[in-house]
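So the structure is just underneath, and the comments pick up after that.
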């Protein structure tokens, strides 16, 4: 059996502190399949579930911090400094097809103190993706996988994020080397 990280270690700039997350959740997100749903109520996590879009609605303000985004500069341990003054990791929780529509509801252009970062290449998802309508992307992680990877990279690992994740062991095994390069040892 693979450990979900309760007996592992992490080192880095935020050890002893936490990484806080602000998650914008798409209104079409299936809560039964959502990997963020079991984390509701966790310390350092705020989730804003959006309703059905209304024509003419105002764009939603985005808090300062780091927005996880594909094709942005790579997230590095040094980026932890961006979070020291109350910044948070901003995550869009939606299927990959719904990311565009979700992002268009946010005031990303007017967001002050928001940096854009991508997870380093090489992370692999364990979450089974089976779209009957669209070709599944070759890359990308489930939200809980991305959140855990961010905490490891920034030196404040949160193994509790994986506690209820069905594919935690497989995710850790698939990413053993990459996680180890950031000080996380999978036992």
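The values are calculated or read from the model by the stated rules, or taken from the named source; none is laboratory data. All values reported here derive from a predicted model rather than from experimental measurement. All Cβ positions, glycine included, derive from the backbone under ideal geometry; neighbour counts span all protein chains shown.
All of (1) at pLDDT 90 or above; (2) surrounded by 13 or more Cβ atoms within 10 Å (Cβ to Cβ); (3) within 26 Å of residue 175 (Cβ to Cβ); (4) out of contact with any strand residue (DSSP E or B) (no Cβ under 9 Å at 6 or more places or on another chain) hold for residue 96 with one exception: (1). Can you pull out every residue in the range 138-187 that is out of contact with any helix residue (DSSP H, G or I) (no Cβ under 9 Å at 6 or more places or on another chain) and part of a loop (DSSP other than H, G, I, E, B)? Listed by number, the residues that qualify are 138, 139, 166, 181, 187.
A count restricted to the range 62-113 and to residues that are in contact with a helix residue (DSSP H, G or I) (Cβ under 8 Å, 6 or more places away or on another chain), within 25 Å of residue 34 (Cα to Cα) and part of a loop (DSSP other than H, G, I, E, B) stands at 2.
Looking across the range 58-77 at every residue that is surrounded by fewer than 13 Cβ atoms within 10 Å (Cβ to Cβ) and modelled with pLDDT under 95, the one that is farthest from residue 19 (Cα to Cα) is identified as 71. Among the residues of the range 6-13, are any at pLDDT 90 or above, more than 15 Å from the chain's Cα centre (by Cα) and assigned to a loop (DSSP other than H, G, I, E, B)? No - not one qualifying residue is present in the range 6-13. Listed by first and then second residue, the pairs with beta-carbon distance under 6 Å, at least 6 apart or on different chains, first residue in the range 30-45 and farther than 18 Å from residue 157 by Cβ, second at pLDDT below 90 and in a loop (DSSP other than H, G, I, E, B), are 37/31. Just one of the numbered conditions (1) surrounded by fewer than 11 Cβ atoms within 10 Å (Cβ to Cβ); (2) in a helix (DSSP H, G or I) is not true of residue 38: (1).
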